[in-house]
Amino acid sequence: MIRMKDIIREGHPTLRERAEEVKFPLSEEDRKLGEDLLEYVVNSQDDELAEKYDLRPGVGIAAPQVNQAKRIFALHFDNSTGENLSLVVFNPKIVSHSVEKTYLAAGEGCLSVDRAVPGYVPRYARITIKALNFDGEEIKMRLKGLPAIAFQHELDHLNGVMFFDHIDSKNPFAEIENAIPIERDSAE
Ligand code: NB4
Ligand code: NI
């Protein structure tokens, strides 16, 4: 299982690389990597397991964060967040997005960033994504709310972008044009 010691932190060059497309059919290594990423986010949301293995909770994690520069990430929202979405995506793409923006009023955090970076992170409010699943079949989805924000945070990791790159360093809480904020419990 993925532990915190396996998660690379800010300053590690892999977090600033563009990750490589995954080839299909999946190698056993890439299939296991996808499974391990999903297992991490599921475990991290289980109070006992998170306590036992000292896991930072997450709703998503991307392969570059475990030092694998591959275009794979996992998202997991159980119904406690009102969203029910649990998936691993390979070679994900945003094929279209709304003009309207959104952001987490509480800001964002990252398992690869051991410090709070306050400020609004502008994201597209609604996105249409395409990706491949474990069997190489195309999945097409429309996302909004926290799943849309999380998808963009993870896709950024595949392109070497960190959430704080989007924060207006001069005025971190500046009004974001045409954006609807999402009020959530603190983004750990
Ligand atoms: C990715 C998220 C940061 C903003 C918003 C939130 C948490 C992360 C980073 C968008 C994507 C990880 C991956 C949470 C969390 C709410 C749901 C269900 C019960 C606890 C869980 C806590 F843990 N961010 N952490 N940060 N990232 N919500 N929740 N709750 O997920 O770095 O690249 O279990
Ligand atoms: Ni992150």
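The values are calculated or read from the model by the stated rules, or taken from the named source; none is laboratory data. In this text the structure is predicted, and so the values were computed from the model without any measurement. Glycine also receives a Cβ, built like all others from the backbone with ideal geometry; neighbour counts cover every protein chain displayed. These accessible areas exclude ligands, DNA and RNA; they are computed on the full protein's heavy atoms, side chains included. Shrake-Rupley method; radii C 1.70, N 1.55, O 1.52, S 1.80 Å.
Structural remarks
- Taking 0.36 nm per residue of sequence separation and removing the Cα-Cα distance, the A105/S86 pair yields an extension gain of 4.5 nm.
- Residues E138 and S98, FRET efficiency given R0 of 22 Å [Cβ-Cβ distance, rounded to 0.05]: 0.50
- Cα gyration tensor, the range 89-182 - rounded (a/c under 1.5), prolate or oblate: oblate
- Span from the the range 105-128 Cα centroid across to the the range 3-66 one, whole angstrom: 18
- Annotation for R56 and K130: the two label points, set 7 Å from Cα along the Cα-Cβ direction, are 3.4 nm apart.
- Normalised radius of gyration (Cα atoms, divided by 2.2 N^0.38 Å) for the chain: 0.98.
- Rounded percent of accessible protein surface that carbon and sulfur make up, the chain, 1.4 Å probe: 50
- Helix-only arithmetic for the chain: the sum of -39500 (n - 2.57) across DSSP H runs with n ≥ 4, divided by the residue total, places the mean residue ellipticity at 222 nm at -6500 deg cm²/dmol.
- Residue-wise HN-Hα coupling along the range 148-156, computed from phi with Karplus coefficients 6.51, -1.76, 1.60 (Hz; x: Gly, Pro): 5, 5, 5, 4, 5, 4, 6, 4, 4
- Over all projection directions, the Cα-based convex hull of the range 1-106 averages an area of 8.5 nm².
- Mean Cβ count within 10 Å, highest first, over the residues of peptides 128-135, 65-72, 144-151, 42-49: 144-151, 65-72, 128-135, 42-49
- Loop GluC sites (Glu not before Pro), the range 136-180 (other Cβ atoms within 10 Å of the site Cβ: 14 or fewer; DSSP): E137, E175, E177
- Solvent exposure of the chain as accessible area per residue, Å², 1.4 Å probe: 51
- Solvent-accessible surface (1.4 angstrom probe) belonging to S96, in square angstrom, nearest 10: 50
- Table column - 3J(HN,Hα) (Hz), the range 96-109, Karplus curve with 6.51, -1.76, 1.60, x for Gly and Pro: 7, 8, 6, 6, 4, 9, 8, 6, 7, 4, 8, x, 10, x
- Under 26 Å of direct C-alpha separation, and excluding same-chain neighbours fewer than eight residues apart, K23 reaches these lysines: K32, K70, K93, K130, K140.
- Calculated P(r) tail over 19 Å for the range 53-126, as whole % of Cα pairs: 52
- On the principal axes of its alpha carbon atoms, the range 1-44 extends 33, 27, 12 Å, with the longest extent given first.
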